[in-house]
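Heads up: the structure comes next, in structure tokens.
The values are calculated or read from the model by the stated rules, or taken from the named source; none is laboratory data. This is a predicted model, so every value here is computed, not measured. Quick reminder, even Gly has a Cβ in these numbers, built from the backbone with ideal geometry, and neighbours come from all protein chains shown. To get the accessible areas, we keep the full protein, side chains included, count just its heavy atoms, and leave off ligands, DNA and RNA. Shrake-Rupley method; radii C 1.70, N 1.55, O 1.52, S 1.80 Å.
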Amino acid sequence: MTFCIAVNCIDGRAQLPVIEFLKKRFNADYVDCITEAAPALILAGETNRRQVQSIVDRIDISIAGHNTAAIAIVACDKCAGDSADKQKQLERLDLSVKFLKRQYSSVEVIGLWIDENWTVSEIQAGS
């Protein structure tokens, strides 16, 4: 069995598109889901240490328990937890990817954007 992780928005409309995308992208059997309101905002700012640590702790559990080899951080259009425009959210997504790559250098980390039609796209981030 192969696993990957989605650090995803709490919006229920985002869950299935992201899971389906990641199962194909990483040829994964399962996707461990970590949900927060605006997770890219949380990880990009690294200001709320409790929230950041909570996400990191859950990623650690997935990696240790499921030998997870990939992590996706997600941002979405018209996010209820982040009212910023798309450009600002993409900047935060990039910072979040960079943060996760620093934390998990042996794991592939990608950023995903969900548009207004709930279509998932991989973004070039964290280079």
Extreme residue, nearest to residue 123 (Cα to Cα), among residues of region 73-102 that are aliphatic (A, V, I, L, M) and open to solvent by 80 Å² or more (accessible area, probe 1.4 Å)
95
With the checklist (1) in contact with a helix residue (DSSP H, G or I) (Cβ under 8 Å, 6 or more places away or on another chain); (2) surrounded by fewer than 17 Cβ atoms within 10 Å (Cβ to Cβ); (3) among the hydroxyl-bearing types (Ser, Thr, Tyr) in hand, flag the one item residue 106 doesn't pass.
(1)
Exactly one of (1) closer than 22 Å to residue 1 by Cβ; (2) surrounded by 13 or more Cβ atoms within 10 Å (Cβ to Cβ) is unmet by residue 64. Its number?
(2)
If the Cβ limit is 7 Å and pairs must be 6+ apart or interchain, which residue in region 9-20 that is free of Cβ contacts under 8 Å to residues at least 60 places away in the same chain pairs with which residue that is surrounded by fewer than 18 Cβ atoms within 10 Å (Cβ to Cβ) and outside any helix (DSSP H, G or I)?
15/33
Mind listing whichever residues of region 88-105 are in contact (Cβ under 8 Å) with a residue 40 or more places away in the chain, out of contact with any strand residue (DSSP E or B) (no Cβ under 8 Å at 6 or more places or on another chain) and part of a loop (DSSP other than H, G, I, E, B)?
none
What pairs come out if I take residues in region 65-87 that are free of Cβ contacts under 8 Å to residues at least 60 places away in the same chain and pair them with residues that are open to solvent by less than 60 Å² (accessible area, probe 1.4 Å) and of a type in the set (Asp, Glu) whose C-beta lies under 6 Å away, six or more apart or interchain?
77/115
Among the residues in region 48-56, are any touching a helix residue (DSSP H, G or I) at 6+ places or on another chain (Cβ under 6 Å), surrounded by 15 or more Cβ atoms within 10 Å (Cβ to Cβ) and not β-branched (Val, Ile, Thr)?
yes
